[in-house]
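First comes the structure, then the notes that go with it.
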Amino acid sequence: MASSSFDLDAAVVGAGPAGMAAALALAAAGQRVAVFDEQPRPGGQLLRQPPYGFEVANWLPGRAYKEQKYRLRRAEAQAGIDWRLGTTVWGAFRHGSGAGFDLHFVAGERTECLSARRLLIASGCYEMPVPLPGWTLPGVMTAGAMQTLLKSQGLIAGDRIVLSGSHPLQLVLADQLLDAGAKIERVCFAQPWQRALTTWRSPLTLLSRPGPLLEVVRILSRLRRAGVPVQFSSCVQRVEGSDRVRSVRIGAVRNGVAVAAGTETLSCDAVALCFGFLPSSELARQAGARALACAGGGWRSESDGAGRTSLADLYVAGETAGVKGGDAAAVEGELAALSMLADGGDLAAAPSRVATLHRQLARHRRFAQVLDEASRMGDGFFGSLPDGKTIVCRCEDVTYGDLEAIRLDNPLASTVGAVKRLSRAGMGVCQGRQCELSLQRTLGRPCSSEPTMTSAYTVRAPVRPVSIDQLCEARQPIPNNAFELERELGALRFTSKKDSHEKPL
Amino acid sequence: MSRVTTGIQRPESLVIEIDGCSVPAYEGETVAAAMLACGTVRLSDSRYGLARGVYCNMGVCFECTVWEQRVAADGERRWSAQRACLLPVRPGMQLRTSRDADRV
């Protein structure tokens, strides 16, 4: 089994619930497995751990975290897992022999490469960016950012906090903020309360997962006792301040659209936005795996239900294959690992175990669907928030007004790719993760079921910026096809040699 | 903006240098957390000089990019772009929030 010419039997990208579950199963089967993650400790965003050297009493209490924390401790104790933490994977290329993959990653000051017979991408998700006036001001962040600052760094991100969104993560965050003694000024849900609640009407879903609903009821009553107003059919419509958040304007949402009339000003210094999540599937797409459009935005890697993608030797698990939450991710991680073992002829998983996992996954999927129905806002809502001065591409400071002007000047530029080239939206260091969906919405979705030149930004290596220095220090040759077009090197803004700021093309 | 103290035992505090100012911090915490804890929310400037801060805190948005002085293999000191939300505090760190030294 370990006689191949590959450095690894299996490489796992992402040390969250899916990656950990997969690594556990792979290592237990005797595979040489390495796990890559940008964070210094495993756990993913769900279990963002405190830094080494910090001692936190009662870290992440609550039943929802119990099983995940147990898996984390098991993974950390499991022998035979090669943890590659604090590394940034920037490309996956077919290995020379035609099977397996070469995985290129930045570790410290240089880029390195390891070959793996099989590659699992479990790179999770990130929060849906929601452009509205003032959303780029310091102090405005995603709910996930505010939550990870708290649970990992022990930092309350503001003295007077406003939460605005449509996703129930807001309630979890509010609960944790209150635990820490934070002052929350307001919690706004953009959807009407009837919709937030009636999606729970299905008794089957309720019976299979009563925990989350009870938790919602508990937190809502806790917020009420703490004097935190919770509003439905309302949202932050504008953030005000010159170089940081000073206040927000909160207004109503009617018929799925933010209405300007009768807004209220609320003084605050931190705002968390939370409207849903987009799969992080860039690496799998760069490697060549087929992706499909998600109903709420973003692209998920296509999977056969057991982690296999359209490419041999490439597997996906967790949110990369569609956002379903951490519990589903862990199940998918184990399923993908069992597929990898079976495809290598290394181990035939017990059919009963596989059946159990599929049953669990089906239950998680149903729950995720209910959550999605309860929390997803339509394109009309997101279109009603920004004005002409609102920044759509944070990296390149492109506004909605810029997009409008470009479209007036170039009536034939109707595709995401064309508008990107004309406006520079999507050409910055985040590589379009923060503006692709907004551009799609502006140009009118639905686009297509698969990402194309016209409906999506093309994903190319490096999928994360790599500095020239790091490339120069590479121990292994960089694949010829890594940088197809010189102009794509626009992503390499971070040249540390001299302060030569590149001019826009 | 405040650090939670109840139930959290941090290592001995130290001082790092940001834009020439001394900022108290704890080894291992992220530079972003240390800056927020001392009230600095403007971590970087956008292409056209607009104020930016922590947005995603997970390495996706690059809005918290700061510059850390590092010694390269050839011994030369260089300012290296780093995401403050992923960058752990180390003793003796020197950082700046702008690529251009003249702003500091």
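Please treat every number below as a calculation from the coordinates, not as lab data. Since we're looking at a predicted model, the values are computed, not measured. We place every Cβ from the backbone using ideal geometry, glycine too, and count neighbours over all the protein chains shown.
Mean separation of Cα pairs under 8 Å and 6+ residues apart, divided by the residue count of chain B: what relative contact order is that in percent?
30 percent
Along its principal axes, what span do the Cα atoms of the stretch A:214-270 show, with the longest given first and each in whole Å?
39, 30, 15
So, counting K/R as plus one and D/E as minus one, what does the shell of residues with Cβ under 11 Å around residue A:425 add up to?
0
Taking 0.36 nm per intervening residue step and subtracting the Cα-Cα distance, what contour gain separates residue A:473 from residue A:217 on full extension?
86.7 nm
How high is the relative contact order of chain A, given as a whole-number percent (alpha carbon pairs under 8 Å, six or more residues apart)?
17 percent
Just add up the charged neighbours of residue A:234: K/R +1, D/E -1, any other residue whose Cβ is under 14 Å from the Cβ of residue A:234.
Local charge sum for residue A:234: +3.
Once you sort the root eigenvalues of the Cα gyration tensor of chain B as a ≥ b ≥ c, which label holds: rounded (a/c under 1.5), prolate (a/b larger than b/c) or oblate (the other case)?
Judged from the Cα gyration tensor, chain B comes out oblate (a/c at least 1.5, b/c at or above a/b).
Please report A:197, A:103 as a ranked list, fewest other C-beta atoms within 10 angstrom at the top and most at the bottom.
Ascending Cβ contact count within 10 Å gives the list A:197, A:103.
Subtract the Cα-Cα distance of residue A:246 and residue A:355 from 0.36 nm times their separation in residues, and report this length gain in nm to one decimal.
Here the answer is 33.9 nm.
Near residue A:69, which aspartates and glutamates are there with a Cα under 18 Å away, not counting those fewer than 8 places off in the same chain?
Straight-distance partners of residue A:69: A:37, A:55, A:327, A:332, A:334.
Mind checking the full-extension length gain between residue B:9 and residue B:50? Use 0.36 nm per residue of separation minus the Cα-Cα distance, one decimal, nm.
Once the chain is fully extended between residue B:9 and residue B:50, it gains 11.1 nm.
Pairs of Cα atoms under 8 Å, at least six residues apart: use those to get the relative contact order of the stretch A:12-53, whole percent.
Once divided by the residue count of the stretch A:12-53, the mean separation gives 44 percent.
Between residue A:348 and residue B:74, what is the label-point separation in nm under the 7 Å Cα-to-beta-carbon projection?
6.0 nm
Quick check: from the Cα gyration tensor, does the protein assembly as shown come out rounded (a/c under 1.5), prolate or oblate?
It comes out rounded by the Cα gyration axes.
Taking square-rooted eigenvalues a ≥ b ≥ c of the alpha carbon gyration tensor, is the stretch A:302-370 rounded, prolate or oblate, where a/c under 1.5 means rounded and, failing that, a/b exceeding b/c means prolate?
Oblate, because a/c is 1.5 or more while a/b does not exceed b/c.
Using the beta-carbon distance between residue A:310 and residue A:65 and R0 = 22 Å, what value does 1/(1 + (r/R0)^6) give for FRET efficiency, to the nearest 0.05?
Result of the calculation: an efficiency of 0.05.
Dividing the Cα convex hull volume of the stretch B:1-51 by residue count, how many Å³ per residue is that?
83 Å³
Determine, for A:6, A:189, the number of other Cβ atoms within 10 Å of each Cβ, and report the residues in order from fewest to most.
Listed from fewest to most nearby Cβ atoms, that is A:6, A:189.
How would A:128, B:93 line up from fewest to most surrounding beta-carbon atoms within 10 angstrom?
B:93, A:128
State, to one decimal in nm, how far the label point of residue B:94 lies from the label point of residue B:38, with both points 7 Å from Cα in the Cβ direction.
Distance between the two pseudo-spin positions: 1.5 nm.
In nm, give the distance between the simple-model label positions of residue A:450 and residue A:255, each being 7 Å from the Cα along the Cα-to-Cβ direction.
3.9 nm
Computed on alpha carbon atoms, what radius of gyration and Dmax characterise the stretch A:1-135, expressed in Å?
16.6, 58
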